[in-house]
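Read the structure below first, then the notes.
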Amino acid sequence: MRAFGLKSLSVGALAVLGLALFLSAAPTLPQQQATQAAVSEIVLTLDPAQSKVHWTVDSTWHTVHGTFALMSGTVHFDPETGKAGGEIAVFATSGESGNSSRDARMHKEILETAKYPDVVFRPTQVEGKVGQAGASDVKLGGVLSIHGADHDLTALVHAELTGDRWRGTSKFEVPYVKWGIKNPSNFLLRVKPVVNVDLEMSGEVKATK
């Protein structure tokens, strides 16, 4: 009877030990899979055909509305650190406001687009978290190259990611007079020294692991 009890105890102890070993080893595989599934970089490309730059500037008479066409765009960033890179380029020569004489002056005297045909933004840092799906609101910091000079710029960005596609908007201000670009004001017309920019964006999204 005692031998049977010891035998039963030994079998039970082995069973408990085996279960403990199984439970301690079981989380290893999912943890490895989770590590492998971690995203190291998110890449957003902009489709020029589905993206547009809108701008407005206030004056003593009315608010002037205009657009620019996107040349190309790619933004890539680390979702953990926020470190970003890429480039968004706009055709400065495409700028128009619906008034041919005003646009001619803008290109010749203000932006001097024959000399500076492109406007380029190079992102460096994302402030905030961008989810791999759904909506996110972040700040995107970087350097804007316009009229032959570089300027630090931070833009507010709203992005919505769905599968391999994304859509978004961005808002920022360009203090063009402060940045050395000619003020179009004259004795009859006063134009504010800041342009408000709204960017509509759409394109593909890719997450690398």
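Computed from the Cβ-Cβ distance with R0 of 41 Å, the FRET efficiency linking residue 162 to residue 196 stands at 0.90. With every protein chain in place and a 1.4 angstrom probe, the accessible-area ranking of 139, 206, largest first, reads 206, 139.
What percent do you get for the relative contact order of segment 48-89 when only Cα pairs under 8 Å and 6+ apart count? Before the final figure, lay out the partial values.
On the way: 56 pairs, mean separation 13.4, N = 42.
Taking the mean separation of contacting Cα pairs over the length of segment 48-89, I get 32 percent.
Within the same chain, lysines fewer than 8 places from residue 192 are excluded, and of the rest, those with a Cα less than 29 Å from its Cα are 52, 108, 115, 139, 171, 178, 182. Between residue 76 and residue 183, the modelled labels are 4.3 nm apart [label points 7 Å from Cα along Cα→Cβ].
Percent relative contact order of segment 124-208, based on C-alpha pairs within less than 8 angstrom and at least six residues apart? It would help to have the intermediate numbers written out before the result.
Details: 155 pairs, mean separation 19.7, N = 85.
Answer for segment 124-208 is 23 percent.
One chain, two ends: residue 93 and residue 43. Fully extended at 0.36 nm per residue, the span grows by 15.2 nm beyond their Cα-Cα distance.
Taking the Cβ-Cβ separation of residue 102 and residue 52 as r and a Förster radius of 22 Å, what is the calculated FRET efficiency to the nearest 0.05? Don't skip to the answer; put the middle values down first.
On the way: r = 20 Å, r/R0 = 0.89.
The pair residue 102/residue 52 has a calculated efficiency of 0.65.
For a paramagnetic label modelled on residue 154 (point 7 Å from Cα along Cα→Cβ), amide N atoms under 15 Å away belong, within segment 89-133, to 124-129.
Accessible area ranking (1.4 Å probe, heavy atoms, ligands and nucleic acids excluded), largest first, for 171, 108: 108, 171.
The values are calculated or read from the model by the stated rules, or taken from the named source; none is laboratory data. Quick caveat: nothing in here was measured; it's all calculated off a predicted structure. Quick reminder, even Gly has a Cβ in these numbers, built from the backbone with ideal geometry, and neighbours come from all protein chains shown. Surface areas here come from the heavy atoms of the whole protein model, side chains and all, with no ligands, DNA or RNA. Shrake-Rupley method; radii C 1.70, N 1.55, O 1.52, S 1.80 Å.
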